[in-house]
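Chemist: Structure in structure tokens, see below.
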Amino acid sequence: MGVPTMSLVFILLAVMLQQMIQASQEPACHMNDLTALKGFTKCLEQDIGGWNWSSSNCCSFTGITCDNSSVIYGRVVGLELGNKRLTGTICESLVGLEQLRILNLSLNSLHGKIPANLFRFRNLEVLDLSNNYLVGPLPSAIHLPSIKYLDLSKNYFSSFISMQFCTSSSHIQYLDLARNFFGEGSIYLENCTSLQYVFLNGNGLSGTFPENLFRLQHLRVLHLQQNQFSGPLSYGIGNLSILVELDISLNDFSGSLPDVFGRLRKLESFSASSNRLTGLLPASLVNSASLLRIDLHNNSLDGPIRINCSAMAQVTSLHLGSNNFQGPVPASLSSCQSLTVLHLARNKLGGVVPFEFRNLHALEFLSLGNTSINNISTALEILQHCKNLTILDLGLNFYQEEMPSNVNLQFTSLTALIIPFCHLRGSLPIWLSSSKMLQLLDLSWNSLGDTGKFNWTRKPCPQNCSTETALLKESCEHISLIKSKEQGRPRLVYDNICNFPPTIDLSHNKFTGPIWPSFGNLKNVHVLNLEENNLSGSIPDSISGMTNLEVLDLSCNNLSGEIPYSLVHLSFLSVFNVSYNRLYGDTPSGGQFMTFPDSSFDGNQALCPRLVAPCQRKQIHPVVSPGKKMKIMDWNFGIGAAIGFLLCVFFCFKSGWVIPKGRVCRC
């Protein structure tokens, strides 16, 4: 063996020896921790991926962090198994992890009660058990002296944390108890003086505004929405001087808004929607230099809208819909150049869309529905200059005006156009053909009677556009489609429009002639509603080309012919209605057609029900032998005629030919 070879052998041996020494010096898992973890898994209904019990070193397990400061034993300081699809209960054996600092079991399917001793970890800084199915009252004695982050949200806990919690856990900064079932009970958090984030929303908590929260001088975010708090709002809110976000919506607060926003100089987001607030907007609110988002919709606030855009130069979202504000749409809002969301629907405004609105270049969402404005032609000519405009709601205005036919109108970014309940006259607007991003077109409940030269070959949503193209999450939260008439008056509310499927709604108009075959080109449309027009002719076979169609309503028209059998290939079709037309022949019985109720076909006198023999399409001529006289009437014929007559009367009443069932169409 040569010298170089001997040298190489010695080098390899040295490396191997060094690795062995290092491996022997790696601290093994402490026996107490190993026992605690084994006990923890016994309460689970499946094994944890990445946990190999053939090794005694639990520090190498998935989701476990150890403190290797000890040369001999590593103590488990972190157990992070969030979103691991764990099912079962939480065993008390976890208490054996004496040095634990982080415990995260969120986003699993754990159930049952939490062992009381789990709330007595001396070193625990982070405890996250959110998004599980844990139940029962929280322990009365919680002793977590090192806790900074506590998240128990989205469970089924039935009692609030006790008064002693803040005494023993005074360092806590983040507390999320949202979406549980606390119900009635007092909130004791005044001694948690380090709190910065508090989420108590969605718990059914009642009483007045919890004034002990006013002592939390470090509070930055406070969410109290979706509870049952009531009474007036206290001026003590002004004590929360570094508050950045305040949400008290969906409660029962009443009275006027306190004029304290001048003291909340860091407040960026304020929501008090869906309460019973009244009176004028406070001067300190409409002059706040820090506010970016204001949501006060669904209250009874009144007076003029006097937002001072010179002071509120940074405001991006203003939602004042469903109040009693009066006066014209304020032209001064055009100076709020950062506005992306403006929602003023369902107020008593009147007038016209201000000419100055053409300067709102950042505007992406505008709702002026049911505000008694007029002059739709001018409104659209002005708003087309808002090049980023994505969602436009102008419904319940412009009574009996003419739909503008100006071919030069350009809404290139528009994904939703909502102008129903206006009794607009004229034709389907040709200029919509250039709106290539359009996903929701609602022109229902008007008096449009002509398609003009509209080109349906353009897809409302191009093949490469997703369902949420260009839609603002923030603006859509309060805008699915609910349309009805209450006591003879139309009602239109849009909610969660971001998730609304690509839709064409031209129902309740005066369109005549055949259904346009070019609809078959609209492969991405999910909803097509042509209910209550005066359309005639047959249902075009090309409709089967709308391969994503989920809802097809052609009811209350004057359609004739047979239902195309090709429609059975629309595999996503869940709602189908051709009632009250003049259709005949067999009802298709394949595909989704087996799931539609009989009411989908009511009022078509010659349409065969699906549960009887197919319609007879051919006449059967009797064969007469030569030299024999054909007998027209004999006793067999009499019996057959009587039975046939009775069956005919039965099916007439059963199918609603004589007395139509349920629904009456408007003519």
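Chemist: Looking only at the range 275-317, count how many residues are of a type in the set (D, E, K, R), within 24 Å of G351 (Cα to Cα) and surrounded by fewer than 20 Cβ atoms within 10 Å (Cβ to Cβ).
Modeler: Number satisfying all stated conditions: 2.
Chemist: Grab the strands (runs of 3 or more DSSP E) fully contained in the range 498-562, keeping just those with 2 or more residues being out of contact with any Lys or Arg (no Cβ under 8 Å at 6 or more places or on another chain) and of a type outside the set (G, A, S). Spell out how you get there, then give the answer.
Modeler: Numbers: elements: 503-505, 527-529, 534-537, 551-553, 558-561.
Output list reads 503-505, 527-529, 551-553.
Chemist: Of the conditions (1) out of contact with any Phe, Trp or Tyr (no Cβ under 9 Å at 6 or more places or on another chain); (2) modelled with pLDDT under 50; (3) over 18 Å from L363 (Cβ atoms), I482 satisfies every one except a single condition; which number is it?
Modeler: Tallying (1) out of contact with any Phe, Trp or Tyr (no Cβ under 9 Å at 6 or more places or on another chain); (2) modelled with pLDDT under 50; (3) over 18 Å from L363 (Cβ atoms), I482 fails exactly one: (1).
Chemist: Looking only at the range 318-328, how many residues end up being surrounded by fewer than 22 Cβ atoms within 10 Å (Cβ to Cβ), in a loop (DSSP other than H, G, I, E, B) and not small (G, A, S)?
Modeler: Result for the range 318-328: 1.
Here's the yes/no breakdown for (1) farther than 22 Å from L440 by Cβ; (2) more than 26 Å from the chain's Cα centre (by Cα); (3) acidic (D, E); (4) not assigned by TED's automatic domain parsing to the domain that holds E532:
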residue: I373; (1), (2), (3), (4): no, yes, no, yes
residue: T378; (1), (2), (3), (4): yes, yes, no, yes
residue: Q384; (1), (2), (3), (4): no, yes, no, yes
residue: D393; (1), (2), (3), (4): no, no, yes, yes
residue: M403; (1), (2), (3), (4): no, yes, no, yes
residue: L409; (1), (2), (3), (4): no, yes, no, yes
residue: L424; (1), (2), (3), (4): no, yes, no, yes
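Chemist: When you scan the range 551-561, how many residues do you find that are surrounded by 18 or more Cβ atoms within 10 Å (Cβ to Cβ) and touching a strand residue (DSSP E or B) at 6+ places or on another chain (Cβ under 8 Å)? Spell out the reasoning first.
Modeler: In the first step, residues of the range 551-561 are kept if they are surrounded by 18 or more Cβ atoms within 10 Å (Cβ to Cβ); the result is 551-557, 559.
Adding the requirement that they be touching a strand residue (DSSP E or B) at 6+ places or on another chain (Cβ under 8 Å) leaves 551-555, 557, 559.
Here the count works out to 7.
Chemist: Tally time: how many residues in the range 331-351 are surrounded by 16 or more Cβ atoms within 10 Å (Cβ to Cβ) and over 16 Å from V315 (Cβ atoms)?
Modeler: Matching residues across the range 331-351 total 4.
Chemist: Which of the residues belonging to the range 389-433 are touching a helix residue (DSSP H, G or I) at 6+ places or on another chain (Cβ under 6 Å) and among the charged types (D, E, K, R)?
Modeler: Selection gives E401 alone.
Chemist: Do you know which of the residues in the range 414-424 that are at pLDDT 95 or above and not hydrophobic (A, V, I, L, M, F, W, C) is surrounded by the fewest Cβ atoms within 10 Å (Cβ to Cβ)?
Modeler: Of everything passing the filter in the range 414-424, H423 is surrounded by the fewest Cβ atoms within 10 Å (Cβ to Cβ).
Chemist: Right, something else. Only residues in the range 407-419 that are within 9 Å of Q384 (Cβ to Cβ) count as the first member; pair them with residues that are in a strand (DSSP E or B) and hydroxyl-bearing (S, T, Y), Cβ under 9 angstrom, at least 6 apart or cross-chain, and list the lot.
Modeler: none
Chemist: Under 7 Å between Cβ atoms, at least 6 apart or on separate chains: pull out the pairs that start in the range 21-47 with a residue that is at pLDDT 90 or above and of a type in the set (A, V, I, L, M) and end on any residue that is outside any helix (DSSP H, G or I) and surrounded by 16 or more Cβ atoms within 10 Å (Cβ to Cβ).
Modeler: Pairs found: A36/L97; L44/L86; L44/G88.
The values are calculated or read from the model by the stated rules, or taken from the named source; none is laboratory data. Source: prediction; values computed, not measured. FYI the Cβ positions are ideal-geometry reconstructions off the backbone, even for glycines, and counts take in every protein chain you see.
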